[in-house]
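Asker: Input: one structure, supplied below.
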Amino acid sequence: MGLPRPKHPAQTRGTLLVVLLLATLSLSAALAYQAADAYRSHRATAESTLKDYAAIAAWEFSRRARLNLQKLIEQQLWPVHEKIPTPRPGEAIPSPAFVAEKAKTWTCEVCPQATTVRFYFRIDLEDRSVDITSTDRPDWFTSWLADTITTLAARQGAVERWNFSILAGPLAERSDIVAYTLLPGSDGKPRAAYGFHAEFAGFNNVFEKCGDEGPLLPPTIAKAQPNDSLLFITVVTRDGRSLYRSGAPHAGTFAAEDTLGQRYGGIVARAALRPEAATELVIGGLPRSRVPLLIVLLLLTAGVGVASLVQLRRERELARLRDDFVSGVSHELRTPLAQIRMFAELLDAGKLRTEEERARSTRIIDQEARRLTNLVENVLHFSRVRRGTARLSREEIDLGPYLDEIVEGFRPLASARKVELVSEVDDGIIACVDGGALGQVVLNLLDNAVKYGPVGQTVTLRVQLIEDRVRIVVADQGPGIPPDERQRVWDPYRRLERDVNAAVGGSGIGLAVVRELTEMHGGSARIEERPGGGTRFILEIPGARRRGPEDATRAGPSPAHEQEARV
């Protein structure tokens, strides 16, 4: 039974980072929830406080309304208890006109001109007869008056003087009320009922006075602000008919109501805090919702977490690519080194008996040494570019002889795979380039074409002058590169999926070096499909011209010399 395979350090660090990110996100979510919960609690407390303020205002208004209504009704009905003696059974009682006449002598200190009484009435509870000072009342109203008050009086039993009650009138088209008092007989039981009918519009001054008598909220809360700036007051009957409004209505979120009681006909006073004043009545104002901010913060946290996970994934991918690179470079180095060592040992041991065998061994050693040189140059160029230390040393070079020498130096490597190299370099092209860098670019393109193309193919190097640019084209007869992969193959360590598990090795940096060195020259690199099948790598580098008569014949430095100097 084998031992478990230890985890890669990068995997361990990645797992730890994922755990930390998830813990951070969970902590952020918990803090956001706690903040939202605290906001809800604070908001609920503030709203409860404001509703309590509205309840205080409604209670205080109804208390004042009861006192003022009592004074107003007593103004109208005081003669019943002050001017009419207690009647004996069967004794006649005064008419309602008597009460109406005497009521005029009372001056109402609450609102002298507030009440508009339409008529007075008297109901004899012994014979249920009704006497009204007005004749414009319909019969049904008279019947309703007699039935309602007689029934209520029968429920009360013994009564005392200065009792009174209010009924909401039955006239739904306008807000009317009926106020009455019971006159006790000699036995203490109700003998008669006196009252009046009025439109409640005449009582508006009564409720206005309730607001004028001082703040409805405690001074420590109202802070000397008038009631109208803090509250909206409405008074309604039991069935919802409006009797009074303190101003323009508004949607009162923080509202409460208080009833004036059964004695006052179940009239209800409602107080609602004005929205603009509500925030001033709570210390610090109403808490604003932090939910949008919390959502944004959570999204940012999640975004940072996702970005970190993406970076982690990229780091793992880069680590994997670096491992593949190390493996590929090791494989690339091992093969030529093994060849060089083997043939060198054969030469040293004198086991090669013929001159032809010795010459062949020497060629193989030279061929593998060139391959090693090319690989080392790739790694060095790639390392310099990545560190930002790569520098170009430009000079004018006659590309014809220079590139011919590079092709000839690469031809043995191509011959090993039975690849035919065709060089089509226009004569007289002078380019201002770094000779060593340009040589490395051409070698990488030729090596890529030979390595990934079929055995026995033809690889063509074509060099042309296009205006002031030199165009270098390397065409092979391989399987080609899919269009969606043509940009990705320039990336470091990137190999096509079909080549990852193939027998052909590679470091994955050859084409990356090509693009980076080309761009350092101010040029561009692209990939096209070759007519008839295969791939064309096209480079364009500025700073080229046609050779003139004044130019001396020069091919530039030797590619081999350039490589030795750079190594």
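Asker: Among Ser143, Ser165, what's the order by accessible area (1.4 angstrom probe), most exposed first? Mind showing how you got there, number by number?
Answerer: Values: Ser143 60, Ser165 25 Å².
Final ranking, largest accessible area leading: Ser143, Ser165.
Asker: Sorting Trp490, Trp140 by accessible area (1.4 Å probe), largest first, what list results? Each step should come with its number before you reach the end.
Answerer: On the way: Trp490 5, Trp140 130 Å².
Order by accessible area, largest first: Trp140, Trp490.
Asker: A further question on this structure: Run the quick spin-label model on Thr279 and Arg263: label points 7 Å from Cα toward the beta carbon, then report their separation in nm to one decimal.
Answerer: It is 4.3 nm.
Asker: With each pseudo-label sitting 7 Å past Cα toward Cβ, what's the Arg546-Thr220 distance in nm, one decimal?
Answerer: So the two model labels end up 10.2 nm from each other.
Asker: Still on this structure: If R₀ is 56 angstrom, what is the calculated FRET efficiency for the pair Ala44 and Arg391, using the beta carbon separation as r and rounding to 0.05?
Answerer: On the way: r = 70 Å, r/R0 = 1.25.
Taking R0 as 56 Å, the efficiency between Ala44 and Arg391 is 0.20.
Asker: Shape call for the stretch 318-472 from the C-alpha gyration tensor, a ≥ b ≥ c root eigenvalues: rounded (a/c under 1.5), prolate (a/b greater than b/c) or oblate?
Answerer: Working: a/c = 2.00, a/b = 1.35, b/c = 1.48.
Judged from the Cα gyration tensor, the stretch 318-472 comes out oblate (a/c at least 1.5, b/c at or above a/b).
Asker: Continuing with the same structure: Could you tell me the accessible area of His42 in Å² (1.4 Å probe, neighbours in place), rounded to the nearest ten?
Answerer: 90 Å²
Asker: Whole percent per 10 Å bin, from 0 to the bin with the longest distance: what is P(r) over all C-alpha pairs of the stretch 45-89?
Answerer: 23, 25, 20, 16, 10, 5, 0
Asker: Now a separate question. Express the carbon and sulfur contribution to the solvent-accessible surface of the stretch 385-456 as a percent, rounded to the nearest whole number, probe 1.4 angstrom. Numbers along the way, then the final one.
Answerer: Values: 1340 of 2920 Å².
Solvent-exposed carbon and sulfur of the stretch 385-456 make up 46 percent of the total.
Asker: Set the Förster distance to 51 Å, then compute FRET efficiency between Arg526 and Tyr33 from the Cβ-Cβ distance, nearest 0.05.
Answerer: On the way: r = 54 Å, r/R0 = 1.05.
Between Arg526 and Tyr33 the formula returns 0.45.
Asker: With a ≥ b ≥ c taken as the square roots of the eigenvalues of the C-alpha gyration tensor of the stretch 384-425, please select rounded if a/c is under 1.5 and otherwise prolate if a/b is larger than b/c or oblate if it is not?
Answerer: Numbers: a/c = 4.01, a/b = 1.59, b/c = 2.52.
Oblate, because a/c is 1.5 or more while a/b does not exceed b/c.
Asker: May I pose another question? Under 12 Å Cα-Cα from Lys209, which aspartates and glutamates qualify once same-chain neighbours fewer than 8 residues away are excluded?
Answerer: Output for Lys209: Glu109.
Asker: Can I ask one more? Which FRET efficiency value, to the nearest 0.05, is calculated for Val422 and Ser26 with the Förster distance at 60 angstrom and r the Cβ-Cβ distance?
Answerer: According to the calculation, E is roughly 0.40.
The values are calculated or read from the model by the stated rules, or taken from the named source; none is laboratory data. Every value quoted in this text rests on a predicted model; they were computed, and no experiment measured them. Heads up, the Cβs are rebuilt from the backbone with ideal geometry, glycines too, and the neighbour counts pull from every protein chain shown. Calculation scope for accessible area: heavy atoms of the full protein, side chains included, ligands and nucleic acids excluded. Shrake-Rupley method; radii C 1.70, N 1.55, O 1.52, S 1.80 Å.
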